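A quick write-up on the structure given underneath.
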Amino acid sequence: MAYTHKIPYTIVKVFTAMRSGKQAKGELTLVFDKGINSEDNIAEIDAAPGIHFITTYSPSFAEDLIRTKPSLFTPVDTAKNRELVTRGRGEDQLVAWRTTRLLWGKERTVIVTHNPKRRPSRGILSTRSFSVSSKSSSTYETRSKPRRLTG
């Protein structure tokens, strides 16, 4: 447990040192799994200027998102999805839905994905997975111009 608490602290310190030189501009987006998610770790990252994150989020903490209406989901533009459509298997495409949610004291962008080909296994609540971004939805869309995921 102590090890995971040092990871954000170390990254923040290194990035802060990098920004103190001539290259004082720039941003860093950390991508990590839910093993790092804790109030303290997220607060450490949030407090650092120029650092953002994308992480996974456990479906057991978001059961309402598991029950999201399928009509809100749209296909994600990927090579695999395009291949599935050309092979007449459009119903097997990975689909996603973008929303926001209050997590760790701030509004976060949440992307819920569903892979219809993935079968739930023992101990798994859903075939849906969740990603959380520290940038607000409008900021994220303006800066990175991702594909539109809502209909």
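Neighbour counts of C-beta atoms inside 10 Å place W97, W104 in the sequence W104, W97, starting with the fewest.
Return F73, F15, F61 ranked ascending by Cβ neighbour count within 10 Å, so the fewest neighbours appear first.
On the way: F73 22, F15 19, F61 11.
Sorted ascending by nearby Cβ count, the order is F61, F15, F73.
Between S58 and D40, the simple label model (points 7 Å from Cα in the Cβ direction) yields a spacing of 1.8 nm.
Multiply the residue gap between A17 and R67 by 0.36 nm, knock off their C-alpha separation, and tell me the result in nm, one decimal place.
Here the segment from A17 to R67 would lengthen by 13.6 nm.
The slack between V85 and W104, meaning 0.36 nm per residue of separation minus the straight C-alpha distance, is 3.0 nm.
Where a number appears in this text, it was derived from the coordinates with a stated rule and is not lab data. Since the structure is predicted, the reported quantities are computational estimates derived from the model, not experimental observations. Note that we place each Cβ from the backbone using ideal geometry, even for glycine, and neighbour counts take in every protein chain shown.
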